[in-house]
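Asker: A single structure is presented below for examination.
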Amino acid sequence: MFAMRAKDLYDVNDLCHEEVMEIFEESKEIKKAYLRGEKIFSLSDKTGCNLFVEPSTRTKNSFELAEKYLSMNVLNFNTSSSAFSKKETLKDTILTMKSMKIDLFVVRHKEPGTPVFIRKYSDASIINAGDGLHAHPTQAILDAFTMYENFNSFKGLKVSIIGDFYHSRVVRSNIKLLNMLGADVTICSPTTLSPREIRTLPIKYTYDLKEAIKNADVVMGLRMQLERQSQGLFPSLKEYNKYFGIKEELFETLANKNAILMHPGPINRGVELSGDIADKPYSKILDQVQNGVITRIALIKHLLGGDSL
Amino acid sequence: MFAMRAKDLYDVNDLCHEEVMEIFEESKEIKKAYLRGEKIFSLSDKTGCNLFVEPSTRTKNSFELAEKYLSMNVLNFNTSSSAFSKKETLKDTILTMKSMKIDLFVVRHKEPGTPVFIRKYSDASIINAGDGLHAHPTQAILDAFTMYENFNSFKGLKVSIIGDFYHSRVVRSNIKLLNMLGADVTICSPTTLSPREIRTLPIKYTYDLKEAIKNADVVMGLRMQLERQSQGLFPSLKEYNKYFGIKEELFETLANKNAILMHPGPINRGVELSGDIADKPYSKILDQVQNGVITRIALIKHLLGGDSL
Amino acid sequence: MFAMRAKDLYDVNDLCHEEVMEIFEESKEIKKAYLRGEKIFSLSDKTGCNLFVEPSTRTKNSFELAEKYLSMNVLNFNTSSSAFSKKETLKDTILTMKSMKIDLFVVRHKEPGTPVFIRKYSDASIINAGDGLHAHPTQAILDAFTMYENFNSFKGLKVSIIGDFYHSRVVRSNIKLLNMLGADVTICSPTTLSPREIRTLPIKYTYDLKEAIKNADVVMGLRMQLERQSQGLFPSLKEYNKYFGIKEELFETLANKNAILMHPGPINRGVELSGDIADKPYSKILDQVQNGVITRIALIKHLLGGDSL
């Protein structure tokens, strides 16, 4: 029981510990139903608007599948054919959509804080699907759920996150949620991609890949955001892979027995992940994709108040 | 009762007075159901094709929501990935779509007369969603319905429409419909944007903004179609706003008590509308957006012959 | 009865003769239901992903209508807003989509063999919607079904296919299927567009249009793929039309009584087809479009194992 149920998700701390665990338990039930092909009709009177102003495949598809699974009416906001080209401001777009009776906005935008800005003009539920370098809370939720499926507890769970800390909105949300849940987080990132901010976080920091992998239960690579990368922060992709690419031998000799490999995707093979490590049995990367749909179904039901299964 | 029910809507005069009023009464009922989240299933065996060859957000979304609300199967014709790039003529596209069994074409095209052209090759219902500078009848219907909601009668209603007459297809449909319904229409437009055609219409014309707003029940700004604007027709947007921008003080001192402000959107703040006037209680701009969905539901039911609620 | 039911369709020979005839008989029943506006709900628990990496209107719309008619959940993979721009490989895209639980991939891609490549990473059903110059089996199926509707038998049916053999994936699938079904196929193609491969096929070849049309039951024009055409293979479109354009007079004097005209579309009027021949009663070009939706419904049901009507 909790006093006030969240209606929006700007970042993971809009949910309390109890709500997260409720979403995880609900996700377990939904996953069984989903894999049996059973649909949920409880939100058939709701309309969701997917407002993706940054390109995205997996997150957008994942939300769309989740909404359709819940029998929602789905409106995809196509930015290229949109009023944005007519200089309509985001404010007026939201006011317009709101007037059409939207119950949920799923928003991705390059400007941090856009989902909070939208709140000013709409009383629909809002889910942040990534705002600049700020946050990507639904990724953190699906990541944590994938860990929960494998370990059934976060207490003392050793999670090492490896890669470009600086340009990752995923890692910022991951750290918050994993801390809330009680895991021990280690960040391993090249010094040039590790801003001072990192020293203020409740994590361990190292630039030594071996140290990060050693005794880890979860080894998570971060995507090199090649298109976002400021130039000159590291010599080359090959050099990056040499020092920070996760290799089979390191994983299999240093990580804990039963350790799992994760990555938010899409992966750059040969950069963050060496060889065929993404295809190994301990790689849960594709489970993460599936759990993305599942946890988004559970989250939307939670926020919009759909009946339990 | 009327002899022949319209099947197509090229412009507002395809409907007779009685049909318009029937659509308005139906819209009132639909609006209640829509806001309660109730769906209408009467057209679940029909397929609508939204053929938007000009960019559009609000009109396209509005039609799509209306069609989905009626449980129609919706096909969005994406022009960029379309056979148009293969030089397939519009004729053959329509013949092709017709063969796939389309019940309704919603068409936006830069060439005036395109919806009538389509009729030659298809017996589906056709709704004009804007053809060049010719007509935009569903906008006129939603505008008039919004007035009807506020004043419950058109007899002697003073409607002043302010802005770029020349480049507006909306205003041409508005004048026809408001005349049919019995309203008194005043047009206020810069002389350089007021073609000779304007003298032949059953309206009052003025270039004096104060005169237009004085004693008006409805003050409607038109969008400056910046992207369509021929150059040199007025000195600057600032100059335009100075002489033709609708300002709070003018509206509140000159217009009738209970007067309302309207605009077909998307608005250019600081051009057609000054300051925060769009956000005032007498602004019905967002009501127009919502009524757009509602009246399009009613119109499609009317044209396709769905059962009454 | 057949030993193993096909699950994928890379090319027509993934189906045996009996399966093709079963699909045709099912198509006849579905066509009646489709034209009455009756829906089929048997696949409402399945999700289809339309992965079109080459532009397409009619094939994409046709598949989408077929999937929606079967009440499937449909995910359109929009390549321009996709992870392809993030250099995600096709492999990882498929793995990702698979994890979201896709039951059917419909794939168009410029690289021959892409659908087979996809099989390696997914156990969903796969339908080839055109892979480079290799194959386009669903077009061949709808073409053959249109012939079956008109002649009720393939035994000794004289089918003449006229046009650019070299750049056509349609003709390659047509030849295989028509041979399986027992028709006699003649190819008429300019010598510069007739590769040596053509000599190895179980067909008659001629470059004389009159000879091809004479005594034909079916005269099928192929689309000049203007955008794919290597330069210099023929003098001009006018010249092409002079020698290979199908003209009313030739058709009406040389082809068999009851002969039909076909074309996979979109047609280039004045190039492959002269004058108004596409609009004559013996032209079945629009029947082909409609049969495209119908046979795709039947095919998807066949591959995914939906219940019979």
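Asker: Can you pull out the residues in the stretch C:159-183 that are assigned to a loop (DSSP other than H, G, I, E, B) and either open to solvent by 30 Å² or more (accessible area, probe 1.4 Å) or small (Gly, Ala, Ser) (or both)?
Answerer: C:Gly163, C:Tyr166, C:Ser168, C:Gly182, C:Ala183
Asker: For the stretch A:20-39, enumerate the residues that are surrounded by 13 or more Cβ atoms within 10 Å (Cβ to Cβ), part of a helix (DSSP H, G or I) and modelled with pLDDT under 95.
Answerer: Listed by number, the residues that qualify are A:Ala33, A:Tyr34.
Asker: Of the residues A:Leu95, A:Leu142, which single one is at pLDDT 85 or above, open to solvent by less than 40 Å² (accessible area, probe 1.4 Å) and over 15 Å from A:Leu178 (Cβ atoms)?
Answerer: Result of the check over A:Leu95, A:Leu142: A:Leu95.
Asker: Are any residues in the stretch C:262-299 at negative phi, surrounded by fewer than 23 Cβ atoms within 10 Å (Cβ to Cβ) and away from chain B (no Cβ under 14 Å), and if so, which ones?
Answerer: Once the filter is applied, which keeps residues that are at negative phi, surrounded by fewer than 23 Cβ atoms within 10 Å (Cβ to Cβ) and away from chain B (no Cβ under 14 Å), the stretch C:262-299 yields C:Ser274, C:Pro281, C:Tyr282.
Asker: Output the number of residues of the stretch C:40-81 satisfying the condition of being within 9 Å of another protein chain (Cβ to nearest Cβ) and assigned to a helix (DSSP H, G or I).
Answerer: So the answer is 11.
Asker: Which is outside the structural domain of C:Ile277 (by TED's automatic domain parsing) and either of a type in the set (Asp, Glu) or free of Cβ contacts under 8 Å to residues at least 40 places away in the same chain (or both), of C:Asp123, C:Asp208, C:Asp217?
Answerer: C:Asp123
Asker: Residues to consider are B:Gly156, B:Gly113, B:Gly130; find the one that is outside the structural domain of B:Lys98 (by TED's automatic domain parsing) and either at positive phi or open to solvent by 10 Å² or more (accessible area, probe 1.4 Å) (or both).
Answerer: On inspection, the qualifying residue turns out to be B:Gly156.
Asker: Name every residue in the stretch B:261-287 that is β-branched (Val, Ile, Thr) and under 17 Å from B:Gln139 (Cα atoms), in order of residue number.
Answerer: Passing the criteria: B:Ile267, B:Ile285.
Asker: If you don't mind, there's one more thing I want to ask. Looking at A:Thr186, is it in contact (Cβ under 8 Å) with a residue 12 or more places away in the chain, within 24 Å of A:Ser283 (Cβ to Cβ) and surrounded by 20 or more Cβ atoms within 10 Å (Cβ to Cβ)?
Answerer: Here the answer is yes, as A:Thr186 does meet what is asked.
Asker: List every residue pair whose Cβ atoms lie under 6 Å apart, where the two residues are 6 or more positions apart in sequence or sit on different chains, the first residue falls within the stretch C:91-115 and is over 21 Å from A:Asp279 (Cα atoms) and among the acidic types (Asp, Glu), and the second residue, located anywhere, is at pLDDT 85 or above and open to solvent by 30 Å² or more (accessible area, probe 1.4 Å).
Answerer: These pairs meet every condition: C:Asp103/C:Lys46.
Asker: On the given criteria, is A:Asn150 of a type in the set (S, T, N, Q), surrounded by fewer than 24 Cβ atoms within 10 Å (Cβ to Cβ), in contact (Cβ under 8 Å) with a residue 24 or more places away in the chain and under 27 Å from A:Glu25 (Cα atoms)?
Answerer: Here the answer is yes, as A:Asn150 does meet what is asked.
Asker: Next question, about the same structure. If the Cβ limit is 6 Å and pairs must be 6+ apart or interchain, which residue in the stretch A:18-46 that is under 14 Å from A:Ile300 (Cβ atoms) pairs with which residue that is of a type in the set (Asp, Glu) and modelled with pLDDT of 90 or more?
Answerer: So the pair list comes out as A:Lys46/A:Asp103.
The values are calculated or read from the model by the stated rules, or taken from the named source; none is laboratory data. Small disclaimer: the values here were computed from a predicted structure and weren't measured. Using ideal geometry, Cβ is built from the backbone for each residue, glycine included, and neighbour counts are taken over all protein chains shown. Just so you know, the surface numbers come from the protein's heavy atoms only, side chains and all, with ligands and any DNA or RNA stripped out. Shrake-Rupley method; radii C 1.70, N 1.55, O 1.52, S 1.80 Å.
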